[in-house]
Amino acid sequence: MDLEVIIPAYNESGRLPATLAAMVAFLSEQPWTSRVVVVDNGSVDDTAATVLAVTGRACNVATGWCVEAIAIGCSQAGKGAAVHRGLRTSRSRIVGFTDADLSTPLETFLPVMAALDGGAAAAIASRHAPGASIAGKQPLGRRLGGTAFRMLSRPLVPGIRDTQCGFKFFDRVAAQNAMWRARSTGFAFDIELLRLIRDDGGRIEEIPVTWTDTAGSTLRPVRDGLAAFTAVAKLHRELNRGTGPVLPSRADAGTAPGPTDLPATSGSAS
């Protein structure tokens, strides 16, 4: 498998059908073998039923490529935990995650795959790299909070302008090798993962995108903003102390544990 796309989902039953349809259609036109994995992160709506209703396998007659879509569960709360679950169980050559709202254009897969095929350990969408833009105007409070958060997080991964855009893909071995030391499953989980990949000597490429602030976000500006700043402050302390479990060998990291904590499920294409 060339590419595995993880979509962490919490109460996303309204968005998932259109998101999955668009993603599977796009990926089936590309010259890669692909799979989409929706990680249901303890949703209390009918996210799981929605995924089961639309998942399956879609094939493009012109290219001959088929894209499988499945759903798995995650018993631990938090987007970071859902992404960790997907990364740890992946067997594909390249693996990463995107948000269910598709705020980052699907066409971003093209430069991302090119960067990873060119030897990058991580290729991430960026709203602040040269050439990037944000469609629409965000509220002032969110813009100010985002600026402050970037100032706090950038020293952890020097040279990276945007650590928080929800479209990040990795060489699987590089990602899994770093994950054995990863502790955070909260708002700083992707900053930590990028830092650990960088510490291992991996190259990170930022891909400028036109990002859309999609309506229906579950972000709570005050509560989540405070939690995010707390998580990054904690990450500063832990990484600067060099804490974390002993890193296993790359050979060990190349074989991730199987999806044993919750069973995988799949359904028929609609």
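Only the coordinates and a few stated rules stand behind these numbers; no lab work does. Every value quoted in this text rests on a predicted model; they were computed, and no experiment measured them. Note that we place each Cβ from the backbone using ideal geometry, even for glycine, and neighbour counts take in every protein chain shown.
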Using alpha carbon centers only, the range 22-53 is separated from the range 159-187 by a whole-angstrom value of 21
The set of residues whose placed amide H lies less than 5 Å from the amide H of ILE134, leaving out same-chain residues fewer than 5 positions away, is TRP211
Once GLN76 and ASP2 are pulled to full extension, the length gained, defined as 0.36 nm per residue separation minus their Cα-Cα distance, is 23.9 nm
Between ALA114 and GLU29, the two model label points (7 Å from Cα along the beta-carbon direction) sit apart by a distance in nm of 1.7
Here the FRET efficiency for ALA22 versus ALA148, based on Cβ atoms and R0 = 41 Å and rounded to 0.05, is 0.80
